[in-house]
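The values are calculated or read from the model by the stated rules, or taken from the named source; none is laboratory data. Everything numeric in this text was worked out from a predicted model, so none of it was measured. In this analysis, Cβ positions are derived from the backbone assuming ideal geometry, glycine residues included, and neighbour counts consider all displayed protein chains. Heavy atoms of the whole protein, side chains included, go into the accessibility calculation; ligands, DNA and RNA do not. Shrake-Rupley method; radii C 1.70, N 1.55, O 1.52, S 1.80 Å.
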Amino acid sequence: MASESEVALVTGAAGALGAEVSRALSQAGCKLALADGPAARARLEALAASLGGGCVVAGDLALESTWAEATPRIARELGADPTKAALIAGGWRGGKALHEESTDDVWRAMFDANLETVHRTLRAVLPAMVARGRGSVVVVGSRAAAQPATSARAAAYAASKAAVVALAQAVAAEVLPHGVRVNSILPSTLDTPANRAAMPKADPTTWVPLASAAGVVAFLLGDGARDISGVALPVYGRA
């Protein structure tokens, strides 16, 4: 159980998994900083209201300027810097083989949405965790990072998620001597309304329920996982 003063940051909080993780951390007693893109402000504010309040960050999470404003504001509004962070912000684009692409748009979009958001958020939250000598971060990768052949026609997505996991594991080794842990989860297909709409013929009973994935994130962030760092944990369900 978290203490009342513990602050948790969730990026991608307006999405299905991010909202579920936010609810789990709120139930554990954390004060929440809820972050997502500019268009998600209304959803972030509604989520914060439903959870009894929190600090809302609505901006481009891949930009240093967003975090330069948000980091001190989180500490000011919630009374402390985050000691927990669930980095869920990201996206998926695909549908073409790499050799069929005529521009770099998909490549850049995937690395901005998946890798650069994690990079910038780590840069924002780790200094205070290291200085405090305590902290835990969970990054959301993908099964595609471990099994890239499953992501044919979405090579940019697979490459960006593999880079996310590599970044997390390298950083985990850097900060572990300072009492900070960094782990990754590798979901297969999450059972979300968007995925059900996109794949109406698939069997969602084989997918990973949101509550299950959120529970894994909450566990890795918590004291029960205090001896776990640098892992890339498969969360595949039966998919």
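Residues within the reach of a label modelled at A202 (point 7 angstrom out along Cα to beta-carbon, backbone nitrogen below 15 Å), restricted to the stretch 8-24, are 16-17. In this structure, S5 and A39 have a Cβ-Cβ separation that, at R0 = 41 Å, corresponds to a calculated FRET efficiency of about 0.85. Across the chain, Cα pairs under 8 Å and at least six residues apart give a relative contact order of 19 percent.
With the simple model of a label 7 Å out from the Cα in the direction of the Cβ, A75 to V130 spans 1.5 nm. The HN-Hα couplings worked out from phi for the stretch 30-47 by the Karplus form 6.51 cos²θ - 1.76 cosθ + 1.60 (θ = phi - 60°) are 7, 7, 10, 10, 10, 10, 6, x, x, 6, 8, 4, 4, 5, 5, 5, 5, 5 Hz, whole numbers, x standing for Gly and Pro. According to the Cα-based calculation, Rg over Rh for the stretch 123-165 is 1.21, with Rh computed by the Kirkwood formula. Treating each Cα of the chain as one equal point scatterer and applying the Debye formula with no solvent, the log10 of I(q)/I(0) at q = 0.11, 0.13, 0.14, 0.16 Å⁻¹ comes out as -0.52, -0.74, -0.86, -1.14.
Averaging the sequence gap over all C-alpha pairs within less than 8 Å and six or more residues apart, then dividing by the number of residues, gives the stretch 117-239 a relative contact order of 30 percent.
Rolling a 1.4 Å probe over the protein heavy atoms of the chain, with every protein chain left in place, gives an accessible area that is 55 percent carbon and sulfur.
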